[in-house]
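Notes to accompany the following structure.
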Amino acid sequence: MLHYRDARQKVVSVVGSHRIPPVTETVPLLESLGRVLAVDVTADRDYPPFHRSTRDGFAVRVADVAEVPSALHRIGEIPAGQAFDGSVGPGECLQIMTGASVPEGADAVVMIEHTEMKGDQVLVKRAVARGANVVPRGSEARGGDSLLLAGTRIGYPHISLLGQVGCAQVAVFRRPRVAILSTGDEVVPIDQPPSPVQIRNSNSYSLAAQVRALGGEPVLLGNARDDVAELERFIRRGLEEDLLLLSGGVSMGKYDLVEVVLRRLGAEFHFDEVAIRPGRPAVFASCQGKFVFGLPGNPVSTMVTFELFAAPALALLAGEPPPPLRFLKVRLAESVEQRTQLTMFLPAQWEGEGAEVTVRQMPYQGSGDVVAVARADCFLVVPETVKQLEAGAWVDVLLRQG
């Protein structure tokens with residue numbers, strides 16, 4: 001039984017070495033949000049393309065304001081987006097606006113708050129150093145510099161940068177198509193009233209939401225009953241997509257048939273058990289050239305195992321590096337007992353603000369408790385090596401995606 005870190009690394013290694021590079025397509029700039037960049041992006045010119053003023057004020061020669069107050073002659077003004085045909089000479093200054101190009105001769109900008117102006121006479125009341133309130137040309141990037149690398153997931157700052165360099169159309173990788181299949185005779189569609197012993201197929205929708213949040217395209221296949229022939233038919237359909245996620249049918253029960261069917265289809269199993277709770281009977285396999293995850297059917301187990309194991313596979317198939325598994329350190333609000341020899345991922349909630357933030361485990365009835373995980377905003381990680389975490393202890397917290 002693998003530690004969850006080893007299982008995750010196994011996913012990264014297998015998918016990273018056997019995946020097919022994704023297809024590239026071109027989309028309008030705004031439609032690239034959330035997509036993965038397919039080509040490197042370079043600067044088309046220097047940024048800023050001129051010495052840019054960061055303040056409203058006066059472009060001056062530092063030598064003229066070494067001793068203040070200093071009276072200077074105003075020779076004109078320069079708004080943003082306009083050029084000044086001339087230069088600033090000794091004893092002169094030029095009124096300048098934020099974002100405008102600093103003219104020749106000037107080597108600093110004095111903020112307007114530190115001046116008094118009467119007609120064309122400007123009294124400078126505070127000295128400035130060379131380069132004050134000026135961003136030098138090319139200090140952000142030089143023409144030809146690499147700005148974004150292929151494999152970058154595009155967020156709103158990248159949209160701004162792509163727009164700045166004139167990328168009205170953006171080359172991105174095609175979204176991976178992810179087949180999602182639930183299993184079990186007890187599962188009915190979400191729009192169908194369940195009997196007292198049935199449940200609605202919420203897992204397919206939570207998985208679809210997790211897939212979509214990570215840039216994939218979910219393909220909902222519905223639910224397969226606990227029947228080998230039907231399950232095989234559904235799995236064969238799922239193997240037509242880039243990735244197949246199954247929920248349920250991976251434990252040790254009489255009707256847990258996912259591994260049986262995958263073996264019939266020639267699957268290679270990379271792991272079928274991980275030392276975590278919830279999510280211990282998680283399966284990762286390769287089958288007919290595609291990757292398959294068999295995730296436990298209890299909803300919290302499904303969510304946790306997707307986050308730990310399926311998410312890095314989806315990232316690689318989307319063309320980006322697998323995201324590192326990052327935890328935050330925070331103090332525990334109240335003690336938590338370790339009742340297993342497995343790493344536990346427990347629904348939890350942040351409390352407080354600023355430096356007083358703590359985390360508290362939610363009231364929780366086990367891995368079928370969707371109510372608890374919906375009210376939570378993170379997972380508290382309880383190592384397998386401790387028997388109890390005391391209140392006030394520093395603990396690891398895994399942020400929930402979405």
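What to note about this one:
- Excluding same-chain neighbours fewer than eight residues apart, the lysines reachable from Lys10 by a Cα-Cα span under 30 Å are Lys254, Lys290, Lys329, Lys387.
- Paramagnetic reach from Leu265 in the range 191-222 [backbone N under 14 Å; point 7 Å along Cα→Cβ]: 221-222
- Counting only DSSP H runs of at least 4 residues, each contributing -39500 (n - 2.57), and dividing by the residue count of the chain, the helix-based mean residue ellipticity at 222 nm comes to -5500 deg cm²/dmol.
- Exposure proxy ranking, count of Cβ atoms within 10 Å, fewest first, for Arg175, Arg19: Arg19, Arg175
- Applying both filters, DSSP loop and at most 13 other Cβ atoms within 10 Å, to the trypsin sites (Lys or Arg not before Pro) of the range 281-380 gives Arg326, Arg339.
- Its residues counted as N, the range 52-135 yields a C-alpha radius of gyration over 2.2 N^0.38 Å of 0.92.
- Nearest 10 degrees, 0 to 90: helix 202-213 Cα axis against the chain principal axis: 30
- Spread of Cα-to-Cα distances over 20 Å intervals beginning at zero, given as percent, for the chain: 23, 37, 24, 15, 2
- When Ser286, Ser87, Ser32 are arranged by Cβ crowding within 10 Å, least crowded first, meaning fewest neighbours, the order is Ser87, Ser286, Ser32.
- Relative contact order of the chain, pairs being alpha-carbon contacts under 8 Å that are 6 or more residues apart, as %: 16
- Whole-number percent relative contact order across the range 52-135, with pairs defined as alpha carbons under 8 Å at least 6 apart: 42
- Centroid-to-centroid separation of the range 136-173 and the range 350-378 [C-alpha atoms, Å]: 38
- Footprinting exposure proxy ranking of Lys10, Lys125, fewest other C-beta atoms within 10 angstrom first, gives Lys125, Lys10.
- Computed E for Ala209/Gln164 - FRET, C-beta separation, R0 30 angstrom, nearest 0.05: 0.40
- In this calculation the C-beta distance from Glu140 to Val197 is compared with R0 = 45 Å, giving a FRET efficiency of 0.10.
- Arg331 versus Val62: modelled label distance in nm, points set 7 Å from Cα along the beta carbon direction: 4.7
- The range 299-367: GluC sites (Glu not before Pro) in DSSP loop, at most 10 other beta carbons within 10 Å: Glu353
Bear in mind these aren't lab numbers, they're just calculated from the coordinates by the rules spelled out. What you see is a predicted model, and the numbers here were worked out from it, not measured in a lab. We place every Cβ from the backbone using ideal geometry, glycine too, and count neighbours over all the protein chains shown.
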